Amino acid sequence: MFAAFLLPALPAEASGPLRTHAAARGKFIGAALATGPLSNETSYRNIAATEFNQVTAENAMKWDATEPSQGQFNFSGADAIVNFATQNNQQVHGHTLVWHSQTPGWVQGLGATQMRTAMQNHISQVVGRYASNATVVSWDVVNEIFDDNGGWRTSFWYNTLGQSYVADAFRAARAADPNARLCINDYNVEGINAKSTAMYNLVSSLRQQGVPVDCVGFQGHLAIQYGFPNDIQQNLQRFANLGVQVRITELDVRMQMPRDATKDTTQATYYRNVINACNAVTACAGVTIWGFTDKYSWVPDTFSGQGAALIYNENYQQKPSYTAVHDALAGGTSTDNTPPTTPGTPSSSGVTSNSAALTWTASTDSGGSGLAGYNVYREQGTTDTQLGQSTTNSISLTGLTPNTQYQVYVRARDGAGNLSANSALATFTTQSGPGGGGGCTAVGTVQNQWNNGYVVQPVTVTNGGTSAISGWTVTFTLPSGHTLSGSWNAAVTVSGQTVTARNVSHNGNLAPNASTSFGFQVSRPSGNTQTPSGYTCA
Ligand code: XIL
């Protein structure tokens, strides 16, 4: 059920550069490079050359750099990156041919026929320049074509050309270099959610039509305050099963500043989990980090108050995230069978008729794969019910049944899927009162979130009563300004901020103690971090 985690054969110390260990696995470990420090700073150049066997131009191959005015191409920055990579025996991933951002105004103002021709010419010239250059092996043909809900982004490309621009771009790239690996790339597609499913469906359909999509890039711009996409390996694997190569193309893990040791540790876990996921999926070619030193990360300029997202600090010193990447790449062949230590006894607070908060003393993990999070269970004698999951040592339980005694315990989970022993039990009783009813409960888990949206999956609906039910209705309230943008496995209606989710035909019948689930996605104002605070089931 869980992938074997590969344990370092030697003590987990940072010996040998990252690229040596990646190459031993047949994978790449890469970095996005900026032309300024590459020509000006020896430390930058040395680390870029020594640690990585793959390189992406952070900006130098984008349209505004390569064709600032129509038909006038400038490859000075792109060539500098490619030459550096050639000298250092690194492969280059070309980024990016067709994108709504960093594309000059002259392109955006063209009519449909001229825009399509300009796109095809740009691809032909840029890809063509490096077609016989063995260093440049792959391209992001289109970048970020979906909106956060999995609809088509209404970019100038889409608005002018419709969906066909994507297939046309891939065909033009194939014509310009029949040997290059051609990728589609996007963000917030690391876990299974509405957007990654839209990507999955598109890639599947394009390939059925013979459009040359060889590879899917998952950017991997993660943030410790938004949680780790725990199903990343499963998601990579479902794409791999379509027959495409997969790769992590722009990994960074930002945090709210200031940086501290606890955040560094969490960040290191995220890096390790991503490398482990790629290691575990044969079709995953490698991982590119979006830069390597915090000195030149795009994060502070883009996400206000956030930073420290990379594996070296501003002074080119290795951070815990470097060690995590190193050790995950350097792992030998034995499996991590060592579970995390047992979590402390949970303590409950804020108990209402349908919710309660729990906190406990954190576990540690010494088996190599690292602490991944916690599962919280309700002790019920026979089959215990999982009430929720958390990546931190606390959780808010919602959807509890009124006037009911709960005995709960926590187990820690590591990156290899090992579970700790059960913590001691905590007992609390929900208050009587309105809100629960019907004997069913619903508990929502935020699976993935980003600046202006989030996915709640699963919302686990459990029949806590003693007789079977043939239908259920879950209601919850969206915080002000939030709008529902998608849902699955439930029939959903919205009235104001109140959302009502009813079972669909295949998941209404629940025996006592049986569970089913549904999920939904929400858009919220940028910077807002709220999610629904509780779920009521009837
Ligand atoms: C970013 C660069 O890092 C910045 O230097 C630049 O100002 C803006 O673009 N997704 C992508 C990358 O595909 O090209 C973006 O790179 C980051 C988000």
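The values are calculated or read from the model by the stated rules, or taken from the named source; none is laboratory data. It should be emphasised that the depicted structure is a prediction, and the values quoted were computed from it without experimental measurement. FYI the Cβ positions are ideal-geometry reconstructions off the backbone, even for glycines, and counts take in every protein chain you see. Surface accessibility is based on the protein's heavy atoms, side chains included, excluding ligands, DNA and RNA. Shrake-Rupley method; radii C 1.70, N 1.55, O 1.52, S 1.80 Å.
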Check: Are there any strands (runs of 3 or more DSSP E) wholly within the range 243-361 with 1 or more residues that are open to solvent by 10 Å² or more (accessible area, probe 1.4 Å), within 30 Å of D214 (Cα to Cα) and modelled with pLDDT of 95 or more, and if so which?
Finding: 245-256, 284-289
Check: On the given criteria, is G368 within 24 Å of L419 (Cα to Cα) and either over 29 Å from the mean Cα position of the chain (by Cα) or in a loop (DSSP other than H, G, I, E, B) (or both)?
Finding: yes
Notebook entry, point to check: Which residues, counting only those in the range 42-56, are of a type in the set (S, T, Y) and either open to solvent by 20 Å² or more (accessible area, probe 1.4 Å) or more than 16 Å from the ligand (Cβ to nearest atom) (or both)?
Noted result: T42, S43, T50
Margin query: Checking G370 against (1) at positive phi; (2) surrounded by fewer than 23 Cβ atoms within 10 Å (Cβ to Cβ); (3) modelled with pLDDT under 85: exactly one of these is not met. Which one?
Written below: (2)
Notebook entry, point to check: How many residues, within the range 382-417, are over 14 Å from A357 (Cα atoms), at pLDDT 85 or above and open to solvent by 20 Å² or more (accessible area, probe 1.4 Å)?
Noted result: 9
Checklist line | Selection status of V461, under 26 Å from the mean Cα position of the chain (by Cα) and within 22 Å of D384 (Cα to Cα) | finding: yes
Check: Can you pull out the residues in the range 57-83 that are open to solvent by 30 Å² or more (accessible area, probe 1.4 Å) and polar (S, T, N, Q)?
Finding: N59, S69, Q70, Q72, N74, S76, N83
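Within the range 182-190, can one find any residue that is among the aromatic types (F, W, Y) and either within 16 Å of the ligand (Cβ to nearest atom) or under 21 Å from E250 (Cα atoms) (or both)?
Looking for residues that are among the aromatic types (F, W, Y) and either within 16 Å of the ligand (Cβ to nearest atom) or under 21 Å from E250 (Cα atoms) (or both), one finds at least one in the range 182-190, hence yes.
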Check: in a helix (DSSP H, G or I) and either under 30 Å from T20 (Cβ atoms) or within 16 Å of the ligand (Cβ to nearest atom) (or both): does that describe A85?
Finding: yes
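For every residue, the table says whether it meets (1) in contact with a Gly (Cβ under 9 Å, 6 or more places away or on another chain); (2) among the hydroxyl-bearing types (S, T, Y).
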{"residue": "C440", "(1), (2)": "yes, no"}
{"residue": "G453", "(1), (2)": "no, no"}
{"residue": "N463", "(1), (2)": "yes, no"}
{"residue": "T498", "(1), (2)": "no, yes"}
{"residue": "R502", "(1), (2)": "yes, no"}
{"residue": "F520", "(1), (2)": "yes, no"}
{"residue": "Y535", "(1), (2)": "yes, yes"}
Notebook entry, point to check: Mind checking which pairs have a first residue in the range 188-212 that is in a helix (DSSP H, G or I) and a second that is hydroxyl-bearing (S, T, Y), Cβ under 9 Å, 6 or more apart or different chains?
Noted result: A194/S485; A194/S487; K195/Y187
Margin query: Exactly one condition in (1) in a loop (DSSP other than H, G, I, E, B); (2) open to solvent by 30 Å² or more (accessible area, probe 1.4 Å) is false for T493; which is it?
Written below: (1)
Check: Got at least one residue in the range 261-270 being within 16 Å of the ligand (Cβ to nearest atom), touching a helix residue (DSSP H, G or I) at 6+ places or on another chain (Cβ under 7 Å) and aliphatic (A, V, I, L, M)?
Finding: no
